[in-house]
Structure formats: structure tokens, C-alpha cells
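Colleague: This is the structure, below, for whatever I ask next.
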Amino acid sequence: MNKNSSNTMALAPNTSNKKETVCIFGTGDFGRALGHKMIQSGYPVVYGSRSTQISNLIPKDAEVLGHAEAAQKAAIIIIAIQRQHYNFLTPLAEILRGKVLVDISNNLKLNQYPDSNAEHLAQLLPGSKVVKAFNTVSAWALQSGTLDASRQVFVCGDDVEAKQMVMNIVRALGLTPLDKGSLLAAQEIENYPLQLFPMWKFPIFLSLGLTAFFFLYCVALDIIYTYIYEKNNFSFFIAITIPNRVCPVMALILLALVYLPGVFAAIIQLYRGTKYRRFPDWLDKWMLCRKQLGLIALAFASLHVVFTLVTPLRAFASWRTGKGIISQALNNKTEPLDHTTAWLSDSYLALGILGFFLFVLLGITSLPSVSNNVNWREFRFVQSKLGYLALILCTAHTLVYGGKWFLSPSAYKWYLPNIYILSLIVPCAVLVVKFVLIFPCVDKPLTQIRQGWERNPKYSK
Amino acid sequence: MNKNSSNTMALAPNTSNKKETVCIFGTGDFGRALGHKMIQSGYPVVYGSRSTQISNLIPKDAEVLGHAEAAQKAAIIIIAIQRQHYNFLTPLAEILRGKVLVDISNNLKLNQYPDSNAEHLAQLLPGSKVVKAFNTVSAWALQSGTLDASRQVFVCGDDVEAKQMVMNIVRALGLTPLDKGSLLAAQEIENYPLQLFPMWKFPIFLSLGLTAFFFLYCVALDIIYTYIYEKNNFSFFIAITIPNRVCPVMALILLALVYLPGVFAAIIQLYRGTKYRRFPDWLDKWMLCRKQLGLIALAFASLHVVFTLVTPLRAFASWRTGKGIISQALNNKTEPLDHTTAWLSDSYLALGILGFFLFVLLGITSLPSVSNNVNWREFRFVQSKLGYLALILCTAHTLVYGGKWFLSPSAYKWYLPNIYILSLIVPCAVLVVKFVLIFPCVDKPLTQIRQGWERNPKYSK
Amino acid sequence: MNKNSSNTMALAPNTSNKKETVCIFGTGDFGRALGHKMIQSGYPVVYGSRSTQISNLIPKDAEVLGHAEAAQKAAIIIIAIQRQHYNFLTPLAEILRGKVLVDISNNLKLNQYPDSNAEHLAQLLPGSKVVKAFNTVSAWALQSGTLDASRQVFVCGDDVEAKQMVMNIVRALGLTPLDKGSLLAAQEIENYPLQLFPMWKFPIFLSLGLTAFFFLYCVALDIIYTYIYEKNNFSFFIAITIPNRVCPVMALILLALVYLPGVFAAIIQLYRGTKYRRFPDWLDKWMLCRKQLGLIALAFASLHVVFTLVTPLRAFASWRTGKGIISQALNNKTEPLDHTTAWLSDSYLALGILGFFLFVLLGITSLPSVSNNVNWREFRFVQSKLGYLALILCTAHTLVYGGKWFLSPSAYKWYLPNIYILSLIVPCAVLVVKFVLIFPCVDKPLTQIRQGWERNPKYSK
């Protein structure tokens, strides 16, 4: 939806007013792609190149000159060369004085250099106005005209007018400029396209590891054990039954892991008697990926819901239902309704539904556009109060469902506990400690510490 | 996701370029937390304090001086003191002339003072450049480094350069500055962190009240009545059966309440013959919380869907199914398919599914990021056309499902109507009146009035 | 949620500081509505009108003067007249010199004039500072105080201070200004409110057409054929059974159509040996509406999921289940579990669940707020890798489910293939070609071409 107006603009560029010439240093892929797009949008383009012989891939309508001559023709020069070659620009410092230099470079890995490329360029050519832009756009997307991903172009620079000129070009190309402030933001902008879900790595690997473990655990107990000792081949359990046993276990454990670091942090603060000391590194990192853990937990919970709801459609389920009914019919009797079973069945379903409902609510509020529109108090209320309520409901759901297995010997095949029992350890521990933490005698000093009070002030004069 | 790059920056601050000294007036919790964070990000920090004795909680690397000396050391002064103490700054006016003063204060309640704190400060010290910032960030979140909620820092101020300096600091601390314009926006920014879902209060209380009423109504008719007169104990209905009766009723009524004020508004405009008079206050307020009413209705509808889909998993349902089949089997006969029943059952399910589908679509378009990307025509189309279609489908779903009860005496236990019948009153009324309003003879004058025509122009000269 | 603070502000406007007079040229509906709102927010309003006699609908507190006198009273003049009457402003050029002119006009259709109205106005009155604003707000919404849609007001203009003044007014009216840069953006802003889902038109018409075709195809084969040859009346299949046959077919075909243009593009590039030539127009347009195709496919998939999950609730389904069980019971035998059926049933359900799960994930990442927060690499990873995985899973789901029909003669009623077979053509073709394209011998030259290499460089000097 947000692309419509921009598209229209890109397809019907405003060619009524004459556009200023743009110079591009460098004839690599990105320089060429950008030049093509600019010519399409009505800008005269001049390429600055060491040799005008190698430039046979350059768009037809563009001029190709030496660097110095090209730079003199335009007020804006796009530096489409790599950082290691920036030094060759220093002899041109006098020609580039007062011009707008657009740094579009990217690095190969995060924090490759101590300073950002744009700041490095600004240091080399203190007389020029350096603006960082275009590095988050891909040459391929620019060329093909089909920008799948975000059309946002992050722009930063110290000179407001230079930035404005670059942002106008960005707009004329049908992209959306986003002002990120002064050149200090260049490092952030340069790191941006190098990331592939950096905050998701640990949560995803943790989930994959745990899922593999629980899956094999269930295969061993539910299929192999049954096959060996009961001579029943339930290998088709791999498709639905076992995934639907692993998903809820993962969802519950990951949800508890979202709230565990908060409990640790409270204990550490109570022990230290101050909030003015950094948490251990592992706790900091854990706290920073709580949102990701929570979203993965929500994904597992959603899968559990769908896997559960398709149960009546399974051939196995209808066979089992039919068998039960036929055996009653053949015995010529109708079993009366067992009220305890009805209560238990309805309770765990209702608890699960409500828990999942709150869980989805938490997921929706963590969408960027929603969380940007709630303030800190509201976010705390949702994520803390409703989050704990969801954890309580989901734990209760599991307890009511799996409770009967705790004392049943059939839950301990090969002396190993059923995974329902394993899944309850972390959430119960979190809930018990949290319950202790909200006792007034513990809560009061904790609140004081969080408001800045210190048990043993250290920096006394 | 949007926190990644900022985090990286916060963890690896750009310490290469020397940062300007920042002065903080006030050694309260927030002043200390902000100082800690600034020192971590490479800023030299000077505290201005009445007495340098009490400052034993201040970060080690910070200097502590008297107010005047501290202010002279920095171009930016953060005013971390409360509004009622701002008067003590007036003697320092000469020293603070031309400096950037950052007002970070919050009030205890909405609109506590006639003007905003930042405007008050600017009035007290007309020679200084006041910038409002940081008030939406919590000290605890700043200190612990784990900013759960939005990293947005709203910034406003009349001096563009001063604002730019403050926004650079915000960025260096790993937060996202958001320029809200001139100091006029300070009141809005100061009110922001004080709110706890203000628009949600009335819709939530209304829903809770109605839900409680309908729940007790159902408990009385479905459990207590059955227990007294039919000696059947269906207490387990509390878990799923009754919630699944209350949820659809609530969803339908709330959805109708979303469209009711629009109908009222049209009637009032037709009666008055002008659109240039304010609606009564209650109608204005009701119209402003339509979005919230609609989202709560969607929540109830979603719960109804899940509660309905788990039906086949309930012990009660499988017992009832079994009982029905066994009684047929014992009588040695198979009932033929009743086509009327099949039609009714499939119709109400299909109507419900389509209604819920449109309802979810309405919910998605009310997400801030989606609704910001559609224009007024598109939003009207979705919310009005599709909204009414959803209301029609959901009402038809209820009518087809509950229709058979209208004339059945068993629907009037204790002479009280079944809640299906109650739930249909408001939606049917809305639909009937809306149907009248789209007749040309009514629609034409209404459209004229909405385009500015008046029946009895009053302000004639 | 995002409206709260603004509402509060609108209800309790900051009347403490005196506001500058605003002049409005034109007494049409929008001029009046804006004047009303401004007076409510504390601005003195002067109307400039040709004749002060016709102005009897103007708000009571506003002054009405001739154009010249009115313009002299204010620094900001809102031009609430239509573009074709702009010429009458040229005699006033001297009076309007240095003033801020706010162009709020809209056109009746897209790209009605070669240049935007605001640029036209700026050209007519080069001495004035033209700012484009307010055109995306509706008069009705402004008047009634109940802004349903976005409160965003797009603002653009060449003069930064003039823009700042207008943005302050926007804020004071309780709306959210959004700076879109220089006056070049005016065309985009003017086109914005004229669009009604422009990118959605083709995908929606395509879907409606295909849906109608498949629906009638199914009605013919499943209802009419059965009625004629088997004397069975299954007309109630229209409500659920046939929609649930059409929805998955549509979802699969549309999902394949999302990935088909990418395959075409790769083939065209391989054939041409260069990426520096535009794709044919139809391919460009197709690529631009892939997101919309994908979202419609997701809608069909979601409907398919819900339609499938309600199956056990249908009267027809429970009748069929009961019939099957009773016939077994009457024969006094219990059929053993058929492991092949159990495997097939569980596999296609599990494949469908996983495919749908990935599909929903794709849908979530295409929400504007999420896709703006992922970079190009991340978006490519999700949309390309996960997208193809979803397509593979959904195709496999259909193959496992419908596979048995391929060789069964009952799938070819009237010599027409079952729609399952039809639905598999496009996805299988896409997957096969894609499989060929990832062979190293094909993938290597394609990657080179996409990095800028050309087989037959043309622009050689």
C-alpha cells in the first residue's frame, strides 16, 4: 500500500522542471544502476572515471569524463567507489570544496573500520559536505525497478541544505528518504544492511536445539518404546502427534524463559542493594532477546493450537472414536457422562484458550507500529501484567491436562519422565520466585532500589 | 528488529571523536541514570548541585560542582529538577544565556499546570534555548540498559540547532529521536507518559459490565434452571459452553455499537439540517472510541471462533455424539440425512466464517502502520462498506443459528428470553435504520448537508 | 492509541499563548470547516471573499473582508479555492509577497495537470512561500471532530520556516504533520487522496474471475453431475464444501503466481545476457503487484483453514461419521487401523499446517511497520527462501491430499479433470523451472548478470 504513490511518481516522473546535473564517481555495478535510474528520472548524469575506455557498460545518455572535469560539472557528486580507494580523492580536494559528496559505500562485515566510511570521507575532505545515503538499497532492486523491500533510504549528514538536496533526489527516484540526523548516524546506517536478524540468532538456535531434543525424546518414548514393548507401530505419530506434544512444551518453556531474566535481575539487585551496577553480560544479552524468545514461543503456541484443532480430521482420531463407540454399542450399554472428566476436559481447554488469547495480544503489542504508539507505562502493563497472566494460564492449562500423569507409572517409560513433567519445571520455578518477590517484605526494598536507593552507597566523598 | 542497529551502537559506542561536556542540574534518580548512560556513551558529565556533599550516589567519573560553575563548563544543560523548583534558575539567567536547556520533567497528572513545564522554563529564561526531551524514557529502563518499550525519544524546541544537538545525544545513547516540532508540542509530550490507555477505559468497562451480566444471565438460565427443574448438573458449562454463548453475543452487540453513533449522527444532522453544529458531548466521545469498541468486539469474536472449534475435543461433545450414535445402532436403524438441517448448519457456519473474515480484515486495517498507509477514501471504504457487510453477515449468522428458538417455548425459561434473542436487538435496529438512511429520499439531503448545505442558514448578515 | 494525546490536546487547546491570525481565501465547504476548527483551537480567522454578502455560512467568530484587506491581516493565507481560479491571485502578488500560502487543493483525477497545484501556485506568485498541506484531510472529518482515518497531514514546501509555521497549526488542530520535503513532493501528496487501492485492482479482479470460474466448475461437477447421474441432491455443498474446494485451489495458484514473474525475469535475463534492459511492461506491472497477490492468496488460505476446521461441526459430517460407525456396529465388527491411511491423513495435515504457518509469517513481514524494520537482506531471505519453502509445502500438501485422484476415473466426470489437478499445474511448473535455475551451470551466469556482467556489451565506444 505505501508504495502506490511513489510508484505513480516513478512511472510518471515530473520532467517539467529542469533537473541539476549529478556526477557519479565510479563505474561499478551500483554506480551504473544508480546512473540508469537517475537518467530515467530526468537527471543529466556525468560519470567521473580514471579511464574513459573501460566505461562501455555505462548508460548511453551519460557523459564520461575524468574525475576533475566531471566534478566541475555538478554540485552533487556520488562517490560510488570503495573506502580503500578514498585516498585518491585528496588531490581533488580543491575541486570538491563546497560540493555535496554522497557516500553510498557499504562494508563487508559489521564494524570493519573504527569509524564509518562517511565520517572517514568527511575527514579526508573537510571542505566538502558529506551526506550518507543509498547504501541500504540494492543495485539489483534499483535496476529492475521492482523494489520488493522497503523503499526507505536512510540519509544523514551535517549540512542541512546538502541533506535536503540529496533527499530531493531520493524522492525523485521514487524512494522514501528518512532523515537520521548528523553524520554521527553513518555508522548505524552502514551497519544496517549487513545484519541478518542479529537478535534472532540465539533464540532461534536455542529453539531448534530444544525442539530437536524433545522430538527425539518423544520418538524414543512414544514410538520406539511402544514398538518394542507393546508391538504397536505408531510411526505415523511423527507427523502430528509428536509435533503437537513438542510445540506446547517449547511454547511454555520459551515463555518462561522470557520472564526468567527479570526474576534473576530482581534477585541480583536485592543481593547487591543497588541498581547502579551493570548486570552480568549474559543477563544483559538474555534481556535484550526476550522479545524474540516471546515471539518464537508464540509461534510454537500457534502451531500447537492448529495441530490440536485438526485432531478430529485425522484418520487415527476417527478410527479411535469409532472403536470406542462400537465397543459400547456391542456391549449394549451407554456410558453415563463422567462429570469429573467433563470438568477437567473443559477446564484445560478454556485455560488454554484464554492463555493463548493473551499470548496473541502480547504478540500484537510487540509489532513495531503498535509498540511505538504505546508509552512506557502502557507497555509495562501489557508485557508484565498480561504476560505473567498468560504464563499463569498456560502453566495451569498444562497442569490440568498433564496432572494425572504425575503419579501414573506409565508416564515413566524407561524411568524417564514424560515431557509434560519436564516442561513444567521452568515455568513453575519462575512463578514461585515471582510470587515470593511480590511479598511486601521483598517488594518494598526492591522498589526502593529501583527508585535509586542504595543499601551501601560507595561513592561517598 | 528495530532495536538491533541501535543496540550495536550502544554496545560499541563511537568513542573516536571527542564528545562535548554535558551538564546535569539535579542529582535525583533520573539525573543519575542519565549521567551514567552518558558517561558510558563517552560524554564527560558535570553535575550541578546545591551541595556537593549529598552527591555520593553520583557516577564516579562525573564531576560535581555548584550550579553556576557546572553550567559554565557545558553548552548543554539537562534540567533534572522538578517544575516547582525552576524559580531558583532565574538568578542564573545570565550564565544560562544562549545555552541549550533540556527539560526532562514529567508531571504527576494530566494537564496539572496551564502551560507545559518546558514552556514555563522558556518563559523564565527567555535567553536560553529550551528543548523538551527524554521525559518518555524511564530511569529504570535507561539504567538497566534493557529498554523494553519504545526507544523513541520525543524532542521539541523552537531553536533548530539546539534541537539538533540534543537529537545527536539521544542517538549516541542508542535511542531514537523523534522531532515533534516547536515547543508548542511540549504539552502533548508531557502528557504522553501519564496515560494508561485513556481511550480504552470506557469500552473496557462497558464490555466487562455487559459480559458479567450476560454470564450470570446464562448461569441462571442454563445451569441453575436446569438443575432445579430438570435435576441435571451441568456446572461444567461454566468453562466453555457459557463463555461460548456470551462471546458471540458480546461481539455482535459491540460491533453494532460501533455503527450506532454514525446512525445517530446522521439523524441529528437530518433533524438540524446542518453539519455546522457540534454533536452532543456523549456522541462525540462515543464516536472517538469506536475503534476500541470494534477491536474488543473482534477479541470476543476470535474467542468465540476458538471456543467453537474446540467443541469436538470436549469430553461432553464426544459423549453426546457417542450417545446419539449408540441409540441409533441399538435401534438397528440409520437416520437419513436431513437436508434442511444440513443446509441450516452449513449456512450459519459459512455466514459466520465470512463475517469473521471481514472482521479480521477490519482489525488489520486499524493497525497504525496499515491505517497510516491508506488514505481517507480507502479507510472509509474499508471501515464503512466492509464494516457494514461484516455486521450484516454476523447478524445473519446469528439469525440462522438462533432463529429456531424465537418461537420455541424452551427459549423462555422463567419467562426470560434467550440471550440470542437479546443479542439481536441492537444490530437489527442499526441495520434497519441504516437501510432507511440509504433510501434516496433520505440519502440525498443528508449528502447535501455533509457537503456544507444548510436548511436554515443562521449567520446571515 | 496514537490518537490519545492529540485528542487531549484538541479538547483542551493551549489557549494561554495568543495565536497569530490566519487568513482563509475562499468560503467553500473546506474553507468553512477549516475555519471552524481553527477558531475552536484559538486562532483568530479572517476570510477573504469576493463578496461579503454570500458569506452567511461562515463561522460566527470569523471576520469577512475583501481578499486584499484580509491578506494584510495575516502572515499565513490558506488558499481554499480551486486551481482554475488561481489566476485571480496574480493581481494580489504584491500584497502576498513574503506571506505563507497554504495550498490545500485536490484534483478530481490522477495527474490531471502536468504540474502539481502547489507548484503552479508557486510559479504564479514567486514572491510568496507556498506550502502544501491539509489536502489529505476530509472536510467532513474535520468538521465532525471525529477523524476516523489517519490524522496525518502531509506537508511540503521549499521554505523551512514557512513549513514550520504550518506544521505548528496542524499540531494545534490536533493533527499530526508529516514533513515530505520540498515542493517537489506536492504532486505525490496531491495524488494520494485520489487513489482507491490502485495496486489492488488487478489482483482483486483476477481473483474474483478465477474464483467465479472454479466455483461454477465445482457446482457443475459436484452438484449438477451428482444430481443427474447419481440422483443425489447435494445442493447444500454450495455453502461450505465447494468454497472449501475453491479456496485452497485459489490460494495455491495465486501463491505460485507470486513467484512466476521472478522465474520469467530470470529466463529473460539469461536469454538477453544483461540486466541493463527494462523488462516488458506486463512483467514490470506483474512484479509490482506480487505483494497484493500474495496477501490475497493468504486470505484464501486462511478461509480454507477455517472452512476445514469447522468440518466436524457440520450436520453432514456428523451424519456421515455416524453412518460409518453404525454400519460397522451392525456388522458386529471393528475395522483395524489402516496405517497407510493414517500416514497419508497425518502427512497432508502436517504439510498444510507448516505451509500455512510459513505463509502467515510471510504475511506478517509484509506489514508496513515490520517490513520497514528489516533490511534488504532480511526481506529477501524471508520473501524468497521462506516463500519458496511455503510454496513447496503447500504443493506437497495438495499432492498428498489429491494424489489418489490422478488415476481414479471418478476424478474425470464429463471428461473434465478435478480442480485439484488443475490447481497443481502452475505451482509445479514454477517449482520445476526454479529447480532448474538453481543448478550451478544456470545459477552462475545468472548471478554474474545480476552483478552487472553483460554477455554482449553494447555501449562500447
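The values are calculated or read from the model by the stated rules, or taken from the named source; none is laboratory data. Values in this document were obtained by computation on a predicted structure and should not be read as measured data. In this analysis, Cβ positions are derived from the backbone assuming ideal geometry, glycine residues included, and neighbour counts consider all displayed protein chains. All accessible areas refer to the heavy atoms of the entire protein, side chains included, with ligands and DNA or RNA removed. Shrake-Rupley method; radii C 1.70, N 1.55, O 1.52, S 1.80 Å.
Colleague: Could you go through region A:339-350 and let me know if any residue there is among the aromatic types (Phe, Trp, Tyr), within 26 Å of B:Val306 (Cα to Cα) and crowded, with 21+ Cβ neighbours inside 10 Å. Show your work before the answer.
Modeller: Pass one, region A:339-350, residues among the aromatic types (Phe, Trp, Tyr): A:343, A:348.
Retained after the next criterion (residues that are within 26 Å of B:Val306 (Cα to Cα)): A:343, A:348.
Now narrow it down to the ones that are crowded, with 21+ Cβ neighbours inside 10 Å: none.
No, the conditions are met nowhere in region A:339-350.
Colleague: Might you check whether a residue that is under 34 Å from the mean Cα position of the chain (by Cα), under 30 Å from A:Ile104 (Cβ atoms) and surrounded by fewer than 20 Cβ atoms within 10 Å (Cβ to Cβ) occurs anywhere in region A:201-218? Lay out the reasoning, then the answer.
Modeller: Applying the first criterion (under 34 Å from the mean Cα position of the chain (by Cα)) to region A:201-218 yields A:201-218.
Next cut, under 30 Å from A:Ile104 (Cβ atoms) only: A:201.
The next check asks that each one be surrounded by fewer than 20 Cβ atoms within 10 Å (Cβ to Cβ); those that pass are A:201.
Yes, region A:201-218 has at least one match.
Colleague: Can we say C:Leu362 is closer than 29 Å to C:Ser345 by Cβ and open to solvent by less than 30 Å² (accessible area, probe 1.4 Å)?
Modeller: Numbers: closer than 29 Å to C:Ser345 by Cβ: yes; open to solvent by less than 30 Å² (accessible area, probe 1.4 Å): yes.
Yes, satisfied.
Colleague: Taking interchain pairs and intrachain pairs at least six residues apart, which have beta carbon atoms under 6 angstrom, with the first residue in region A:324-339 and more than 7 Å from chain B (Cβ to nearest Cβ) and the second open to solvent by less than 80 Å² (accessible area, probe 1.4 Å) and of a type in the set (Gly, Ala, Ser)?
Modeller: A:Ile326/C:Ala329
Colleague: Oh, and also: Scanning for something within 30 Å of A:Glu454 (Cβ to Cβ), open to solvent by less than 20 Å² (accessible area, probe 1.4 Å), within 13 Å of chain A (Cβ to nearest Cβ) and of a type outside the set (S, T, N, Q), does region B:116-136 turn up at least one residue?
Modeller: Checked region B:116-136: at least one residue is within 30 Å of A:Glu454 (Cβ to Cβ), open to solvent by less than 20 Å² (accessible area, probe 1.4 Å), within 13 Å of chain A (Cβ to nearest Cβ) and of a type outside the set (S, T, N, Q).
Colleague: Among (1) open to solvent by less than 20 Å² (accessible area, probe 1.4 Å); (2) without any contact (Cβ under 8 Å) to a residue 60 or more places away in the chain; (3) in a helix (DSSP H, G or I); (4) at the interface with another protein chain (Cβ under 8 Å from one of its Cβ atoms), where does A:Lys163 come up short?
Modeller: The number of the failed condition is (4).
Colleague: Further question on the same structure: Which of the numbered conditions does A:Phe214 fail, given that it passes all the others? Conditions: (1) of a type outside the set (Ser, Thr, Tyr); (2) without any contact (Cβ under 8 Å) to a residue 40 or more places away in the chain; (3) not assigned by the TED database to the domain that holds A:Leu110.
Modeller: Unmet condition: (2).
Colleague: Still on this structure, I have one more. Suppose the filter is under 25 Å from B:Phe30 (Cα atoms) and more than 7 Å from every other protein chain (Cβ to nearest Cβ); does A:Gly294 pass it? Before the answer, list the steps.
Modeller: Details: under 25 Å from B:Phe30 (Cα atoms): no; more than 7 Å from every other protein chain (Cβ to nearest Cβ): yes.
Against the criterion (under 25 Å from B:Phe30 (Cα atoms) and more than 7 Å from every other protein chain (Cβ to nearest Cβ)), A:Gly294 does not qualify.
Colleague: I'd like to check something: does region B:63-78 contain any residue that is modelled with pLDDT under 90, within 14 Å of another protein chain (Cβ to nearest Cβ) and under 40 Å from the mean Cα position of the chain (by Cα)?
Modeller: No; the residues of region B:63-78 include none that is modelled with pLDDT under 90, within 14 Å of another protein chain (Cβ to nearest Cβ) and under 40 Å from the mean Cα position of the chain (by Cα).
Colleague: Next question. Of the conditions (1) more than 30 Å from B:Glu161 (Cβ to Cβ); (2) within 14 Å of chain C (Cβ to nearest Cβ); (3) open to solvent by less than 40 Å² (accessible area, probe 1.4 Å), A:Leu175 fails just one. Which one is it?
Modeller: Here A:Leu175 clears every test but (1).
Colleague: So, in region C:405-428, of the ones that are assigned to a helix (DSSP H, G or I) and without any contact (Cβ under 8 Å) to a residue 60 or more places away in the chain, which residue ends up farthest from the chain's Cα centre (by Cα)?
Modeller: Initial filter on region C:405-428 (assigned to a helix (DSSP H, G or I)): C:405, C:409-411, C:413-415, C:419-423, C:425-428.
Subset that is without any contact (Cβ under 8 Å) to a residue 60 or more places away in the chain: C:405, C:409-411, C:415, C:421, C:425, C:428.
Values: C:Trp405: 37, C:Pro409: 43, C:Ser410: 41, C:Ala411: 38, C:Tyr415: 40, C:Ile421: 31, C:Ile425: 28, C:Cys428: 28 Å.
Filtering first and then ranking leaves C:Pro409.
Colleague: Residue check: is C:Ser408 modelled with pLDDT under 85, open to solvent by less than 60 Å² (accessible area, probe 1.4 Å) and either in the same structural domain as C:Leu257 (by the TED database) or within 18 Å of A:Phe197 (Cβ to Cβ) (or both)? Give the derivation first.
Modeller: Values: modelled with pLDDT under 85: yes; open to solvent by less than 60 Å² (accessible area, probe 1.4 Å): yes; either in the same structural domain as C:Leu257 (by the TED database) or within 18 Å of A:Phe197 (Cβ to Cβ) (or both): yes.
Taking the combined requirement at face value, the residue satisfies it.
Colleague: Pull up region C:36-54, narrow it to residues that are at the interface with chain B (Cβ under 8 Å from one of its Cβ atoms) and over 19 Å from B:Ile449 (Cβ atoms), then point me to the one that is modelled with the highest pLDDT. Can you show your working first?
Modeller: Going residue by residue through region C:36-54, those that are at the interface with chain B (Cβ under 8 Å from one of its Cβ atoms) are C:36, C:52-53.
Within this subset, residues satisfying the condition of being over 19 Å from B:Ile449 (Cβ atoms) are C:52-53.
Details: C:Thr52: 64, C:Gln53: 59.
The extreme case among them is C:Thr52.
Colleague: What's the number of the only condition in (1) facing another protein chain (nearest Cβ under 10 Å); (2) open to solvent by less than 30 Å² (accessible area, probe 1.4 Å); (3) among the aliphatic types (A, V, I, L, M); (4) in a helix (DSSP H, G or I) that A:Ile240 fails to meet?
Modeller: All conditions pass for A:Ile240, except number (4).
Colleague: A further question on this structure: For region C:263-283, which residues satisfy the criterion of being touching a residue at least 40 places away in the same chain (Cβ under 8 Å) and either small (Gly, Ala, Ser) or within 14 Å of chain B (Cβ to nearest Cβ) (or both)?
Modeller: Matches in region C:263-283: C:Ala266, C:Gly273.
Colleague: Next question. Is one or more of the residues making up region B:222-230 surrounded by 20 or more Cβ atoms within 10 Å (Cβ to Cβ) and not in a loop (DSSP other than H, G, I, E, B)? Before you say what the answer is, go through the steps one by one.
Modeller: Initial filter on region B:222-230 (surrounded by 20 or more Cβ atoms within 10 Å (Cβ to Cβ)): none.
There is no residue in region B:222-230 that is surrounded by 20 or more Cβ atoms within 10 Å (Cβ to Cβ) and not in a loop (DSSP other than H, G, I, E, B).
Colleague: Right, next: Can we say A:Pro203 is touching a residue at least 40 places away in the same chain (Cβ under 8 Å) and in contact with a Leu (Cβ under 8 Å, 6 or more places away or on another chain)? Give the derivation first.
Modeller: Details: touching a residue at least 40 places away in the same chain (Cβ under 8 Å): yes; in contact with a Leu (Cβ under 8 Å, 6 or more places away or on another chain): yes.
Spelling it out, A:Pro203 is indeed touching a residue at least 40 places away in the same chain (Cβ under 8 Å) and in contact with a Leu (Cβ under 8 Å, 6 or more places away or on another chain).
Colleague: Within region A:190-200, which residues are modelled with pLDDT of 85 or more and open to solvent by 40 Å² or more (accessible area, probe 1.4 Å)?
Modeller: Step one: of region A:190-200, the residues modelled with pLDDT of 85 or more are A:190, A:200.
Matches in region A:190-200: A:Trp200 only.
Colleague: If you don't mind, another one. When the residues of region C:357-383 are narrowed to those that are part of a loop (DSSP other than H, G, I, E, B) and at pLDDT 80 or above, which ends up farthest from the other protein chains (Cβ to nearest Cβ)?
Modeller: Keep residues of region C:357-383 that are part of a loop (DSSP other than H, G, I, E, B), which gives C:366-367, C:372-375.
Checking the rest, the ones that are also at pLDDT 80 or above come to C:366-367.
Details: C:Ser366: 10, C:Leu367: 6 Å.
Here the answer is C:Ser366.
Colleague: A further question follows. Considering only residues of region B:2-35 that are facing chain A (nearest Cβ under 7 Å) and crowded, with 23+ Cβ neighbours inside 10 Å, which is modelled with the highest pLDDT?
Modeller: B:Arg32
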